[in-house]
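The values are calculated or read from the model by the stated rules, or taken from the named source; none is laboratory data. Predicted model, so just to flag it, every value in this text is computed and none were measured. Note: ideal-geometry Cβ built from the backbone for every residue, glycine included; neighbour counts use all protein chains shown. Heavy atoms of the whole protein, side chains included, go into the accessibility calculation; ligands, DNA and RNA do not. Shrake-Rupley method; radii C 1.70, N 1.55, O 1.52, S 1.80 Å.
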Amino acid sequence: MPKLTTWLNRVVAFIIIIVTVPGNKLYAQPPQHLTIEGVYRLARENYPLIKERDLITKTKNYSVSNAARGYLPALNINGQATYQSAVTELPFKIPNVTLPEYNKDQYNIHGELDQVIYDGGAIKNQKQAATANEMALQQNLEVELYALYDRLNQLYLGIILVNEQIIQNGLVQKDIENGIEKAKAQVANGTAYRSSVDELQAQLLTTDQSRVELSATRKAYLGMLGVFINKPLDENTVLEKPAPPAITDAVRRPELLFYDYQKTAYDLQEQLLKDQLRPKFSFYAQGGYARPGLNFLDNDFAWYYIGGLRLSWSLGSWYTLKNQKNILEIDKTTLDIQKETFLFNTSITQQQQNSEMEKYLVLLKEDDNIIALRGSVKAASAAQLENGALSAHDYLTEVNAEDEARQNRILHEVQLLQAQFNYQNTMGNINVKDQ
């Protein structure tokens, strides 16, 4: 009975170890799966430049708030103390009337409250200008973030290419291992030399070296991609091969919206110039303590108040209005030229990328024919090797020829995918919203 208890204790301990030991395969974390759209989103969320978005919004809010406060009453406090060389005196004397003598030192301190009634639309347009400027800055930020997609495409599809090459490398290794088995059988039967096996094994080692290099390249690419998305990626990470994106001819690049928003901002600036030429009306109230007060015949300190309507109309802006409007027109014309140039360059890039996609489609069809022919020749060579009618060296030549054909197809397939995503990027059809 004690032996049974001891055995049960060991079984329980073993089960606990299996369950709790970190990294146990039975309870290992599933491999991380990524899609190219998910990479776009994560990269945007973690790219340092994205932090500017909130700062731009805050700046706009402060500007709009400051402009809106122009409707609030403005309070000013002023004071002065003066000494003058002469004071008001009557040029004649009135019998039996003693007039006060006025002091040459006078004092006045007062507060004035000014409430805007009509400002010519300046405050309203200042708020609109702040919003338009924020939209232009946000869209300019979007332009800079959009350039990130091209770098992500290169990394992501580079890893896809290496993955396919590693798979092909494994197939070549199987072909060589199959040749080694056949060569060993021939050596055992005395129909081949040991050097045939050695040549095949040397090629197997060379193929394994290629696998090591490809794995190292994949690891480096995953490391760089992990930095962009702020996630650690290891050799178990699975990158899903993306489907070819939809190909459309419509240009939806963020630069186009930026040009439109910037032009709107220029239009509002022009409107502000016109607003400066309009008269402004306000209500004001003033109260203070002075000597003399409003009654200039009283030489004592006195409280006083005064209120009314005020008109102000500054005409100095007329002198510079024409030149300022001309400057804005030049800015808008420059913006139109930039937009036209951008569309022109985009059109050229579009034609070039269309030609690339057509080229790779033709190459892929030819690759399929070449692979079929090379596969047929390799199969025949394997049979000849097994029958002793072909040397190991000649067999390797056919294996390598088929491998080269398959590697070319892998490369052309990923290059086509890269060209399709480049085209999508060029036309502005990538739309990843912040979450």
Give the carbon-plus-sulfur fraction of the accessible surface of the range 346-395 in %, rounded to a whole number; probe 1.4 Å, heavy atoms of protein chains only.
52 percent
Violating pairs (Cα-Cα greater than 31 angstrom) within the set 127/231; 51/332; 339/365; 127/322; 51/280; 182/365:
127/231; 339/365; 51/280; 182/365
I need the shape label for the range 129-249. Rule: rounded when a/c is under 1.5, else prolate if a/b > b/c, else oblate, with a, b, c from the alpha carbon gyration tensor.
prolate
Unit charges at the beta carbon, dipole of the range 378-435: most positive-side option, 430, 395, 384
430
Could you work out which residue, out of 374, 194, 253, moves most in a Gaussian network model of the chain, that is, has the largest mean-square fluctuation with Cα springs under 10 Å?
194
In whole angstrom, largest first, the equivalent ellipsoid semi-axes that the Cα gyration tensor gives for the chain are 87, 33, 15
Name the GluC sites (Glu not before Pro) in the range 219-321 that are in a loop by DSSP and that have at most 10 other C-beta atoms within 10 Å, would you?
235
Please report the carbon-and-sulfur percent of the accessible area for the range 105-196; probe 1.4 Å, protein heavy atoms only, DNA, RNA and ligands left out.
53 percent
Net charge contributed by nearby residues that have their C-beta within less than 9 Å of residue 163 (K/R +1, D/E -1):
+1
Give the relative contact order (percent, whole number) for the range 289-384; include only Cα pairs under 8 Å separated by 6+ residues.
11 percent
Sorting check: for 401-411, 291-301, which peptide has the highest mean count of neighbouring beta carbons within 10 Å, and how do the rest follow?
401-411, 291-301
What is the magnitude of the charge dipole of the chain about its Cα centre, with +1 placed on the Cβ of each Lys and Arg, -1 on the Cβ of each Asp and Glu, and no other charges, expressed in debye to the nearest 20?
1200 debye
Over the Cα atoms, compute the radius of gyration (one decimal) and Dmax (the largest Cα-Cα distance, rounded to a whole number) for the range 242-315, in Å.
29.4, 95
The range 314-435 - Debye-derived log10 I(q)/I(0), Cα point model, q = 0.13, 0.17, 0.21 Å⁻¹:
-0.77, -0.93, -1.10
Report the dimensions of the range 213-277 along its three principal axes from the alpha-carbon atoms, largest first, rounded to Å.
71, 29, 17
Per residue value of the accessible surface for the chain (all protein chains in place, 1.4 Å probe), Å²
62 Å²
Hey, got a sec? Which trypsin sites (Lys or Arg not before Pro) in the range 45-95 land in a DSSP loop and have at most 12 other Cβ atoms within 10 Å?
93
